[in-house]
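The values are calculated or read from the model by the stated rules, or taken from the named source; none is laboratory data. Model, not experiment: these values are computed from the prediction. Cβ: placed from backbone, ideal geometry, glycine included. Neighbour counts: every protein chain shown. Ligands, DNA and RNA are excluded from the accessible area calculation, which covers all protein heavy atoms including side chains. Shrake-Rupley method; radii C 1.70, N 1.55, O 1.52, S 1.80 Å.
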Amino acid sequence: MSMRELVVLGTASQAPTRQRNHNGYLLRWDDEVILFDPGEGSQRQMLHTGITATDLTRICVTHFHGDHCLGLPGMIQRLSLDRVPRPVAVHFPAGGAEYFARLRHASSFYETAELAVEPIDADGQRITLGIGTLEARRLRHPIETYGYRLVEPDGCRMLPERLAAYGIAGPDVGRLLRDGHLDRDGRRITRDEVSVTRPGQRFAFVMDTGLCDGVYALAEHADLLVIESTFLESEAALAAEVGHLTAGQAARVAAESGVRTLVLTHFSQRYADPRRFHDEAREHFTGDLVIAEDLLTVPVPPRRVPSPG
């Protein structure tokens, strides 16, 4: 059975706390299992999730600050230790290729796993997957940084009452869906006459950044948006200076972009009470709101139900 969910490995920012591990996020989306931004401790955190290195299909790194990438050496070595039987794609900012090379071979190990190294070198770069398109957008941070979004193509939902009105049933339904039309009794019936568009689902991942066009492009109509909220509004000036978002800014992005479920994460160690992030975000966003915790699982919301035209 297909599964679409986010599994949170860690939610700290630059420094971990007793309650928060460094970054790490797993997205299960049908046959894809994507690891985003593995910080220190990600390999151990995975032991609590039921997801193993053998399950991984790709790794996405937003940028090469340590809290987003220092778990890479252990994860890469684990792929070889477990003898993962298929290539695992790795995406990261092309300008950080030297950092990736150092992390990949940070210590001696017997490399058996195959990595498909596919750097991101352009804003808007797209990678075609079996489940849809993975798109990278440039963010605003002191070093080269990209966010990612996964977009499933739109499909269609056949309307039983309209099919019945035309007397279409059985194998003819499949032919109509596949070919786009069906000729019957001297008349051509098109797929559009008996169906409605079923919007594809969207997942967005936005880490260290100030407000910029890329943030909005990634968040647009996301069913599930994972976004950093390192600071509260009281530190908005500091957030702007160092290239980060506040909880209020992240929530306004979600509200303006039509996001369904908002997941806030990447919290500064200066804040002990996570409810402050919830309260600040709730002033701007009325949809489903999640304040991420380590080892939390967040399901991708069910598909939007299309209405007949």
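A few remarks follow.
- Across the options L103, H65, S268, the greatest Cα extent toward the positive end of the charge dipole of the chain (unit charges at beta carbon of Lys, Arg, Asp, Glu) belongs to L103.
- Förster-model FRET efficiency, 45 Å R0, A165 and E114, C-beta, rounded to 0.05: 0.25
- Gyration tensor verdict on the stretch 1-144 (Cα atoms; rounded if a/c is under 1.5, prolate if a/b is larger than b/c, oblate otherwise): rounded
- Using a Förster distance of 45 Å, the FRET efficiency for S80-H181 (Cβ separation, nearest 0.05): 0.30
- Cut-off 9 Å between beta-carbons: net charge of the residues surrounding R137, Lys and Arg +1, Asp and Glu -1: -1
- Cβ-defined net charge surrounding G214, 9 Å radius [Lys, Arg +1; Asp, Glu -1]: +1
- Euclidean distance of C-alpha centroids, the stretch 37-78 and the stretch 101-142, integer Å: 13
- Dividing the summed helix terms, -39500 (n - 2.57) for each DSSP H run of n ≥ 4, by the number of residues in the chain produces a 222 nm estimate of -6000 deg cm²/dmol to the nearest 500.
- Choice from V194, V61, V215 with maximal GNM fluctuation in the chain (Cα, 10 Å cutoff): V194
- DSSP beta bridges confined to the chain are antiparallel in about 60 percent of cases.
- Using a cutoff of 8 angstrom between alpha carbon atoms and counting only pairs six or more residues apart, the relative contact order for the chain works out to 17 percent.
- With the highest mean first, a sort of the peptides 132-143, 31-42 on other beta-carbon atoms found within 10 angstrom per residue produces 31-42, 132-143.
- Within the shell of other residues whose beta carbon sits under 13 angstrom from the beta carbon of D279, the net charge comes to -1, with Lys and Arg scored +1 and Asp and Glu -1.
- The stretch 87-232, relative contact order in percent, only Cα pairs under 8 angstrom and at least six apart counted: 21
- Solvent-accessible surface of the chain, taken per residue with a 1.4 Å probe and all protein chains present: 45 Å².
- Relative contact order computed over the stretch 231-309 (Cα-Cα under 8 Å; 6+ residues apart), in percent: 31
- Carbon plus sulfur fraction of accessible area for the stretch 1-139, probe 1.4 Å, in percent: 46
- Comparing L70, L232, L159 in a Gaussian network model of the chain where C-alpha atoms under 10 Å apart are linked, the largest mean-square fluctuation is found at L159.
- Comparing R78, R178, R104 in a Gaussian network model of the chain, where Cα atoms under 10 Å apart are tied by springs, the biggest mean-square fluctuation is seen for R178.
- Loop-resident trypsin sites (Lys or Arg not before Pro) (DSSP state other than H, G, I, E or B) in the stretch 228-295 with no more than 14 further Cβ atoms inside 10 Å of their Cβ: R270.
- Prolate/oblate/rounded label for the stretch 177-309 (Cα gyration tensor, a/c 1.5): prolate
- Label zone at I143, where the point sits 7 Å out along the Cα-to-Cβ direction: the stretch 216-233 residues whose backbone N lies under 12 Å: none
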